[in-house]
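> Mind looking over this structure? Questions follow.
Laboratory data are not the source of any read-out in this text; all were calculated from the coordinates shown. Please read these numbers as outputs of a predicted model, since none were measured by experiment. So basically every Cβ, Gly included, is an ideal-geometry build from the backbone, and we count neighbours across all protein chains shown.
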Amino acid sequence: MPDIVVTEFMDEAALAALRGRHKVHYDPALVDQPDALHALLKDARALIVRNRTQVRGALLTAAPRLEVVGRLGVGLDNIDVEACRARGIAVRPATGANDLAVAEYVICGVMMLLRGAYHASAEVAGGAWPRTRLMGRETSGRILGLVGFGAIARETARRAVALGMDVIANDPFLDADNPAFAANGARPASLDAVLRDADAVSLHVPLTAETRGLIGADALARMRPDAVLINAARGGVVDEAALAEALKAGRLAGAMLDVFETEPLPGGGPLEGVPNLILTPHIAGVTVESNVRVSEAVAIAVAQVLQEKAA
Ligand SMILES: O=C(O)[C@H](O)COP(=O)(O)O
């Protein structure tokens with residue numbers, strides 16, 4: 001039986017490093033095979049997951065010898081951190097390793113949505129030439145509003161400033177005089193001001209009881225009708241039906257979503273066929289480069305916990 005089980009995709013070089021010292025079972029399809037996964041966890045000392053494997057309840061019960069959970073990402077909402085703590089199971093996320101990937105995704109989204117010229121490939125290929133309709137807006141001089149001002153938001157802010165954007169940010173955990181705002185070219189603002197003033201709003205908060213549904217019909221109504229919204233944080237933060245309504249009614253100029261209330265996004269939901277909406281499959285933090293960084297960081301952290309616990 002393996003002592004490390006990996007249930008979702010991981011970089012090969014990091015896996016090879018782990019295999020040098022441990023018996024590793026790597027199967028990125030395991031996330032969708034709970035019975036097989038539970039059987040493999042009987043003797044496992046370590047479990048490595050991305051965001052889909054639910055590390056709680058039955059899974060933890062099936063893993064009586066578990067010592068560490070490696071998280072190939074940052075968000076911990078798929079892990080029952082309290083239950084792990086109660087059992088002395090260490091949780092090791094890849095903090096910082098995918099910040100850059102998400103920040104570039106957000107900047108790309110801001111530019112695509114404000115410019116608005118990239119939804120017309122099929123039309124142009126078909127012989128249409130809609131130049132005046134596709135006259136979009138420049139990014140320089142626009143206001144970027146960040147909801148949450150942690151590490152990823154700060155990476156995003158610096159890149160937005162380099163593009164000539166004015167950056168305002170709200171974070172209930174930071175005092176207005178926190179030097180992190182100025183150090184990253186942002187001005188602190190209330191959530192109301194961010195929603196009211198920003199040309200582009202980007203979300204950078206974890207999913208908690210306080211942030212669930214934060215961007216619902218009320219918040220969307222407070223945004224400018226020509227504003228755009230980007231969510232590469234967590235799906236439950238945005239009310240998908242309310243967003244779909246706002247886009248269809250032209251009360252919002254555009255949106256890009258990388259994360260959803262339910263993942264994979266079930267077909268036939270409110271987001272299908274909505275105009276000015278770009279959807280991606282929870283890929284903002286995953287690039288060729290970040291996959292290497294994330295996997296290496298988690299492999300090192302997991303191996304270290306196993307070594308410490310064995311000592
Ligand atoms: O929490 C994260 O870091 C992102 O959601 C990316 O996680 P993933 O690589 O597990 O998708």
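> Per residue of segment 125-136, in order, report the coupling 6.51 cos²θ - 1.76 cosθ + 1.60 (Karplus, θ = phi - 60°) as ³J(HN,Hα) in whole Hz, putting x for Gly and Pro.
Ordered by residue, 3J(HN,Hα) equals 4, x, x, 7, 9, x, 5, 5, 5, 9, 6, x Hz.
> Relative to the present Cα-Cα distance, how much length would full extension add between TRP129 and ASP43 at 0.36 nm per residue of separation?
Values: separation 86, 0.36 × 86 = 30.96 nm, distance 6.28 nm.
This chain segment gains 24.7 nm when fully extended.
> Let me ask something else about it. Roughly speaking, what is the centre-to-centre gap between segment 96-162 and segment 223-237 when only Cα atoms are used, to the nearest Å?
Each part reduced to its Cα centre gives a spacing of 12 Å.
> I'd like the Karplus ³J(HN,Hα) series for segment 37-48: coefficients 6.51, -1.76, 1.60, θ = phi - 60°, whole numbers in Hz, and an x wherever there's a Gly or Pro.
Each residue's phi maps through the Karplus curve to give 5, 4, 5, 5, 7, 3, 10, 5, 9, 9, 10, 10 Hz.
> On to the next question. Using alpha-carbon pairs under 8 Å, 6+ residues apart, how would you state the relative contact order of segment 1-136 in percent? Write out the running numbers ahead of the final one.
Values: 189 pairs, mean separation 24.4, N = 136.
Once normalised by length, the contact order is 18 percent.
> Then there is this: For segment 112-212, give the magnitude of the charge dipole about the Cα centre (Cβ charges: +1 Lys/Arg, -1 Asp/Glu; no others), in debye to the nearest 20. Present the calculation step by step, with values, prior to reporting the outcome.
Details: 11 positive and 11 negative charges, 94 e Å.
Value, rounded to 20: 460 debye.
> Next question. Quick one: work out Rg over Rh on the C-alpha atoms of the chain, Rh as Kirkwood radius.
1.02
> Once you have all Cα-Cα distances for segment 223-311, histogram them in 5 Å bins from zero and send the whole-percent values.
It works out to 3, 12, 19, 17, 12, 9, 8, 7, 5, 4, 2, 1, 0, in whole percents.
> If you take the beta carbon distance between PHE9 and ASP218 as r and set R0 to 41 Å, what does 1/(1 + (r/R0)^6) give as a FRET efficiency, to the nearest 0.05? If you can, show how the numbers build up before the last one.
On the way: r = 38 Å, r/R0 = 0.93.
The pair PHE9/ASP218 has a calculated efficiency of 0.60.
> Right, here's the next one. Convex hull volume of the Cα atoms in segment 153-264, per residue, in Å³? Let's see the in-between values first.
Numbers: hull volume 11.3 nm³, N = 112.
Output value, Cα hull per residue: 101 Å³.
> Could you work out the Kirkwood radius for segment 64-201, taking every pair of different alpha carbons, averaging 1/r and inverting it, reported in Å? Provide the component values of the computation, followed by the final result.
On the way: mean 1/r = 0.0568 Å⁻¹.
Radius from the Kirkwood sum: 17.6 Å.
> What are the lysines whose alpha-carbon lies under 18 Å from the alpha-carbon of LYS23, with same-chain residues fewer than 8 places away excluded?
Partners within reach: LYS42, LYS309.
> Working only with C-alpha atoms, what are the Rg and Dmax values of segment 39-144, expressed in angstrom?
Cα radius of gyration and Dmax of segment 39-144 are 22.6, 64 Å respectively.
> Filter the chymotrypsin sites (Phe, Trp or Tyr not before Pro) in segment 138-243 down to the DSSP loop ones having no more than 12 other Cβ atoms within 10 Å, then list what survives.
Filter output for segment 138-243: PHE173.
> Please list, by residue number, every one of the GluC sites (Glu not before Pro) in segment 223-311 that is coil in DSSP and has at most 14 other beta-carbon atoms within 10 Å. Working shown, then result.
Working: sites: GLU240, GLU245, GLU261, GLU272, GLU289, GLU296, GLU308; in loops: GLU261, GLU272.
The qualifying sites are GLU272.
> Using the Karplus equation 6.51 cos²θ - 1.76 cosθ + 1.60 (θ = phi - 60°), what ³J(HN,Hα) coupling, rounded to whole Hz, does each residue of segment 98-109 give in order, writing x for Gly and Pro?
Values, residue by residue: 10, 3, 4, 4, 5, 4, 5, 4, 5, 4, 4, x Hz.
> As an exercise, identify the trypsin sites (Lys or Arg not before Pro) in segment 6-54 lying in DSSP coil whose Cβ has no more than 15 other Cβ atoms within 10 Å.
Answer by residue number: ARG21, LYS23, LYS42, ARG52.
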